[in-house]
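K.L.:
Let me give you the structure first, and then I'll get to my questions.
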Amino acid sequence: MNMRTFKEFDLEEVLLRNLRNNRFELLYEIQAIVIPKILKQDSLVFLSPVASGKTLAYAVPLINQALRNRELKVLLLFPTVELLNQTMKVFQVLLKDTNLRLINLFNDSNYETGGFFFGTPEKAKKMVPESFDTIVMDEVDFMVQDGFLDDLKTILQKPFKQYIFLSATIPEEVFVLLKKLTHVNLKRVVQKKTIGFTISRYLVNLKHQKRSEVLKTLLKQEHFYKTVIFVSDLKQLKLLAQSLQELDFKFFMIHSDLPLNERKNQLDRILKGEFDLVLVSDALSRGIDFSEVTNVISYDFPRNLAFVEHRLGRTGRHLDGSFYQFYDDEDLKRIERLKDYHTYVLLEYKSNGTFLKKTHRVFKNKPHDPRLQAALKKIAQQRPVKKVRPNYKKKIQKQKERVIKNYRDKMIKDKIRQSKQKEK
């Protein structure tokens, strides 16, 4: 593919201007492949890795179609309200000065004229009698496998002129099911090559120890910057939150049981980076671009092993990241399947509360920055005026850890800032 910028497509000038004003100029691989197909009104299923530009891959050609046919009605479905709202924000900046309608089905029931209609399967199934031209299902594998199948069958009973399904993982059985439900010749587009930054992957062997204790040890030893922890079971998620309250971490917890307004407020604060630690359920592993996340911890395995890729995809977006998968003996079969696809470094938890030495580290124990070394040396040279006070050594060690953490945080923020400047 020689197409490298959006200018190389036959797009309306107002759309090109909005792309340019929002620093969307260079094409990602999946965009270069998918955009011409959607412009030709092909129906397709496309999958590519997380953070590979899937949203613009369908948003740009659909907006261009709507600019040329203002009666066009597009139904866009998402598994969660959070992903819906995030995607609507992308459309909002691209629709500036176009006078095209953007409708959230949770707030507006006026769908008599053309526009883009955003909803969840449960909300949209009530609108099936209405006529739509195009349907988009983001994270379609999650919707099919997580209780939305009956709603999708109801929605797809009515034919559409164009079908667009996408995700980072779409098993063969889901693709076959979609072909059966739509009765059209769905084209499949697959991008396997990852882009962006490196994600180091670790397998954490619990050795029959309590997961919460192993997690606390890992958090204390690694001095993480911004971390997301995924837990499949809601009860375990709440228990873990109680257990972590004794640690000096500012953390948020977000899950499906929270009232919608509270979920929105929590997510807004998370996306602004007001956290050290976030505890979430798997629904939030889908499409949400958490700000500045450097580490993801998979506290247990998701119901579907393929969803591991969605969990780890919350890091490695603006700088290199790390992913930690906890496991015990009952997970060995899953571990073998993971190791078939990627290289992992093994961490074994020891009974004395430490981990066996890793083959490599994201950060070295003793960074060689002269300013940091001088600060640590100054702490080490502190002497009590009289006799040594109780816990003196512990206090000195905590001071050192605080200095190192502040140093690492600054280095990470600098890398993120440089990365964002390059993107612009």
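The values are calculated or read from the model by the stated rules, or taken from the named source; none is laboratory data. Nothing here was measured: the structure is a model prediction, and the numbers come from that model. So basically every Cβ, Gly included, is an ideal-geometry build from the backbone, and we count neighbours across all protein chains shown.
K.L.:
Mind checking which residues of the stretch 73-95 are part of a loop (DSSP other than H, G, I, E, B) and modelled with pLDDT under 95?
P.N.:
Selection gives 78, 79, 80.
K.L.:
Identify the single condition in (1) closer than 20 Å to residue 60 by Cβ; (2) in contact with a Leu (Cβ under 8 Å, 6 or more places away or on another chain); (3) surrounded by fewer than 22 Cβ atoms within 10 Å (Cβ to Cβ) that residue 89 does not satisfy, given that it satisfies every other one.
P.N.:
Answer for residue 89: the failing condition is (2).
K.L.:
Okay, moving on. Evaluate the stretch 183-191: report whether one residue or more is touching a helix residue (DSSP H, G or I) at 6+ places or on another chain (Cβ under 8 Å) and either closer than 26 Å to residue 301 by Cα or assigned to a helix (DSSP H, G or I) (or both).
P.N.:
yes
K.L.:
Determine whether the stretch 23-44 contains at least one residue that is under 16 Å from residue 95 (Cβ atoms) and at pLDDT below 95.
P.N.:
Yes, the conditions are met somewhere in the stretch 23-44.
K.L.:
Mind listing whichever residues of the stretch 108-147 are in a helix (DSSP H, G or I) and of a type in the set (Phe, Trp, Tyr)?
P.N.:
Quick first cut of the stretch 108-147, residues in a helix (DSSP H, G or I) only: 121-127, 140-145.
142, the sole residue that qualifies.
K.L.:
Of everything in the stretch 339-361 that's closer than 17 Å to residue 296 by Cβ and at pLDDT 75 or above, which residue is surrounded by the fewest Cβ atoms within 10 Å (Cβ to Cβ)?
P.N.:
The residue in question is 345.
K.L.:
Return the pair list, or none, for Cβ contacts closer than 6 Å from residues in the stretch 267-278 that are among the aromatic types (Phe, Trp, Tyr) to residues that are outside any helix (DSSP H, G or I) and at pLDDT 75 or above, at least 6 apart or on different chains.
P.N.:
Qualifying pairs under 6 Å: 275/252.
K.L.:
Moving on. Inspect the stretch 95-107 for any residue being hydroxyl-bearing (Ser, Thr, Tyr), surrounded by fewer than 14 Cβ atoms within 10 Å (Cβ to Cβ) and more than 24 Å from the chain's Cα centre (by Cα) and give the result as yes or no.
P.N.:
No, the stretch 95-107 has no match at all.
K.L.:
Next question, about the same structure. Scan 76, 16 and give me the residue that is in contact with an Asp or Glu (Cβ under 8 Å, 6 or more places away or on another chain), surrounded by 18 or more Cβ atoms within 10 Å (Cβ to Cβ) and in the same structural domain as residue 145 (by TED's automatic domain parsing). Before the answer, list the steps.
P.N.:
On the way: 16 fails: in contact with an Asp or Glu (Cβ under 8 Å, 6 or more places away or on another chain).
Testing whether each residue is in contact with an Asp or Glu (Cβ under 8 Å, 6 or more places away or on another chain), surrounded by 18 or more Cβ atoms within 10 Å (Cβ to Cβ) and in the same structural domain as residue 145 (by TED's automatic domain parsing) leaves just 76.
K.L.:
Restricting to the stretch 310-328, name every residue that is at pLDDT 85 or above and either among the charged types (D, E, K, R) or not assigned by TED's automatic domain parsing to the domain that holds residue 230 (or both).
P.N.:
328
K.L.:
Within the stretch 45-98, track down each residue that is without any contact (Cβ under 8 Å) to a residue 40 or more places away in the chain and more than 30 Å from residue 171 (Cβ to Cβ).
P.N.:
If the condition is that a residue be without any contact (Cβ under 8 Å) to a residue 40 or more places away in the chain and more than 30 Å from residue 171 (Cβ to Cβ), then 92 is the only one that fits.
K.L.:
I'm trying to understand the selection: among the residues of the stretch 1-45, which are closer than 15 Å to residue 65 by Cα and among the β-branched types (Val, Ile, Thr)?
P.N.:
Within the stretch 1-45, 14, 34, 35, 38 qualify.
K.L.:
Still on this structure, I have one more. What are the residues in the stretch 9-55 that are hydroxyl-bearing (Ser, Thr, Tyr) and not in a helix (DSSP H, G or I), if any?
P.N.:
Scanning the stretch 9-55 gives 28, 43, 48, 52.
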